[in-house]
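Laboratory data are not the source of any read-out in this text; all were calculated from the coordinates shown. Source: prediction; values computed, not measured. Cβ coordinates were reconstructed from backbone atoms using ideal geometry, including for glycine residues, and neighbour counts include every protein chain displayed.
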Amino acid sequence: MLRLSPQGAILRNNGGSEELAEMMAYVRRLTDLAGEFLGLEGFTALECTFTKGRCLAFVDSNGDTVVLRPRPEANLQALRDRLGL
Amino acid sequence: MTGAEATALSDGMNASLATLKDVAGIAGSFVCTPNGRVVAREISALFDDAVLVEAGSRLVRMREAFAAGGDELEVGVVRFRDHRIYLKSVGDSLLCILAEGAVNMPSLRMAANLVGRRIGGAVAQLEAEPPPIRTPPPPPAPPPSRRMAEAPPGMRRFRGRPVD
């Protein structure tokens, strides 16, 4: 789990890596830009399914981005419902 | 591939994308190749091609960012306040679906899987095509110069009349 400030700084790191933090900061920026072009505001969350593994990121009430790399067996449905994913 | 063949492929894909709208809440969709070309679209004309290229190229770059970290994206959901963008990898391209926040996600996933499978062959053919050469627009014509009323050498003019 990683917690990133709106500027991309690592505020908390529990099992994440600096590379993951950099990548997610960049991905956040790209999603904001893509949304802007399409007239979509207020990024709230992102879920990606990879060939191996998953990644979930959401913006909390402080504006920080929380990044999760759940284990394959983890059930994310409750979190998905909460985040509207 | 001739222009007509490429158009036929795009038209076929557009027809497949149109079937996504059977799922309530889907506003439209488009397909963006790794080099940023939009090869199919079924979305309101409010979103012109340039906008889709800009948005699509960012989403393609997002996929590349994950790939650089060793993660090959299959499906992604980007949630905004009232909408979401559903992404599905089709070959090296991305099928991007714009949906309302309250869309039925299981239906959307199923429809996207079917459409992704249907357009996979056409996308692969279009990916192999080199991107169209962009010729720069011709420079704007210089503004018509205002012809000043020029007096012959040795003569001065004021308000069109010769003066000494």
(message) If you average the C-alpha positions of segment A:1-67 and of segment B:69-135 separately, how far apart do those two centres end up, in angstrom?
(response) 20
(request) For A:GLU18 paired with B:MET1, estimate the spin-label separation in nm (one decimal), with each label point 7 Å from Cα along the Cα-to-Cβ line. (result) 4.3
(message) I'd like the mean, over residues of B:59-70, of how many other protein chain beta carbons sit within 10 Å of each residue's own Cβ.
(response) 5
(message) I'd like the Karplus ³J(HN,Hα) series for segment A:69-85: coefficients 6.51, -1.76, 1.60, θ = phi - 60°, whole numbers in Hz, and an x wherever there's a Gly or Pro.
(response) 10, x, 5, x, 7, 5, 9, 9, 4, 5, 5, 4, 4, 5, 8, x, 8
(request) Report the residue, chosen from A:LEU40, A:LEU68, A:LEU56, that carries the largest GNM mean-square fluctuation when chain A is represented by alpha-carbon nodes joined by springs under 10 Å. (result) A:LEU40
(message) Pick from A:THR51, A:THR31, A:THR65 the residue whose mean-square fluctuation is largest in a GNM of chain A, springs joining Cα atoms under 10 Å.
(response) A:THR51
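Just from its helices, what would the mean residue ellipticity at 222 nm be for the protein assembly as shown, if runs of 4 or more DSSP H residues each count -39500 (n - 2.57) and the sum is divided by every residue, rounded to the nearest 500 deg cm²/dmol? Write down the numbers at each step before the final one.
Details: 5 runs with 87 residues, N = 249.
Mean residue ellipticity at 222 nm (helix-derived): -12000 deg cm²/dmol.
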(message) 7 Å from Cα along Cα→Cβ at both A:GLU36 and B:GLU72: what's the point-to-point distance in nm?
(response) 3.3
(request) Compute the semi-axes of the equivalent ellipsoid of chain A, taking the square root of 5 times each eigenvalue of the Cα gyration tensor, and list them largest first in whole Å. (result) 19, 17, 13
(request) Name the residues whose placed amide hydrogens come within less than 5 Å of the amide hydrogen of B:ALA27, ignoring near sequence neighbours (fewer than 5 apart) on the same chain. (result) B:LEU98, B:ALA99, B:GLU100
(request) Calculate one ³J(HN,Hα) per residue across segment B:104-115 by plugging θ = phi - 60° into the Karplus curve 6.51 cos²θ - 1.76 cosθ + 1.60, and present them in order as whole Hz with x for glycine and proline. (result) 6, 5, x, 5, 4, 4, 5, 4, 5, 4, 5, 5
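Cut-off is 10 Å between beta-carbons; in what order do B:MET13, B:MET110, A:MET24 appear when sorted fewest neighbours first? Could you put the intermediate results ahead of the total?
Numbers: B:MET13 26, B:MET110 12, A:MET24 23.
Ascending Cβ contact count within 10 Å gives the list B:MET110, A:MET24, B:MET13.
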(message) Within 10 Å of each candidate Cβ there may be at most 13 other Cβ atoms; applying that plus a DSSP loop requirement, which GluC sites (Glu not before Pro) in chain A survive?
(response) A:GLU41, A:GLU73
